[in-house]
Amino acid sequence: MNRYGSLAALLCSGLLSACEKNTVQVLPTAPLAGAQIKFFNFGVNAPGVNFYADATKMTAIQSGTGVESTNGVTYGGAGAGGVYTTIAPGQHIFTGRIAATVDKDLPIASVTTTIADGKSYSFYLSGFYNTTAKTVDGFVVEDPFTVPTDYTVANVRFVHAMGNANPMTLYARPVGDTVTAHWAAVGAEVAYKGVGAFTTLPGGAYDLATRYTGSATPVITRTAQSFSGGQVYTVAARGDITVTSTTATNRPILDNTANR
């Protein structure tokens, strides 16, 4: 009896300690099932949208009254605050649907693609919004980055979302460096709706520029962009390449977004 009583006491003790509020919990170390995706509205003159995967609304903006805003994700913006949204693997139809009351939920872009388990993706509205057809281009790219192990370098790539620009290559040069020869290509040439490979750069601040093949003249520039070591970034070209204003909403822009 004493032996069994001791065993029961030991089991009770273990159960009680497991219920303590301050007990350290062991979290799972295996990757969570599913995939993840980001959403960007880079379609020039496109209305604000909510993003959908099939019939499921993936992004929305809440107003101050607690009711969904009719603004949606406007041009130049990213859905869900620019973070990834979890999605089940498989084939999906991704759409950007008008958020305003007029033409509410009308799809202006639709892309069908297969999402693989454990991978990351980005869906871009791109090019120019057609006000008659009420359509804009769209494309999905995979974000094939891995968790960095070298915290002295950043991983950077280029996405081309400008509907009227030729294929371009992204270049970077440390801020304060004025030597022309020190501009370094970040990956290879990328055509419209294309994506370059992730390239490592020493962590630091850089001036950025894109160039057409065979030309040393910058097409789009952006200065003083920080790339922290151990982080992953996507630089995307958006806007209208014919605009020369430095303040117009649809001017050529290099958008710098962190993947992690």
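What follows is calculated from the coordinates using simple rules that are stated; it is not laboratory data. What you are looking at is a predicted structure, and each value in this text was computed from that prediction instead of being measured. For neighbour counting, all protein chains shown are included, and Cβ atoms are generated from backbone atoms with ideal geometry for every residue, glycine included.
Both radii were evaluated on the Cα set of region 147-260; the Rg over Rh quotient, with Rh as the Kirkwood radius, amounts to 0.95. How large is the dipole of the chain about the Cα centre if only Lys and Arg carry +1 and Asp and Glu carry -1, each at its Cβ, rounded to the nearest 20 debye? Roughly 160 debye, rounded to the nearest 20.
Can you list, bin by bin at 10 Å, the percent of alpha carbon pairs in region 102-161, starting at 0? The distribution over region 102-161 is 16, 37, 27, 14, 5, given as percents. Close amide H pairs (under 5 Å, H built 1.01 Å from N) link GLY72 with ILE61, residues at least 5 positions away or on another chain. Across the chain, the relative contact order, built from alpha-carbon pairs under 8 Å that are at least six residues apart, equals 15 percent.
By the rule of a C-alpha distance below 17 Å, with chain neighbours fewer than 8 residues away ignored, the aspartates and glutamates paired with LYS193 are ASP137, GLU142, ASP143, ASP240, ASP255. Return the lysines within reach of LYS104: Cα separation strictly under 17 angstrom, same-chain partners fewer than 8 residues apart disregarded; answer none if there are no such residues. Hits, sequence-local ones excluded: LYS57, LYS134. All C-alpha pair distances within region 32-143, sorted into 10 Å bins from zero, spread as 16, 50, 29, 6, 0 percent across the bins. Amide H contacts of VAL190: MET168, THR169, each under 5 Å away and 5 or more positions distant or on a separate chain (H built 1.01 Å from N in the peptide plane; Pro and chain starts excluded).
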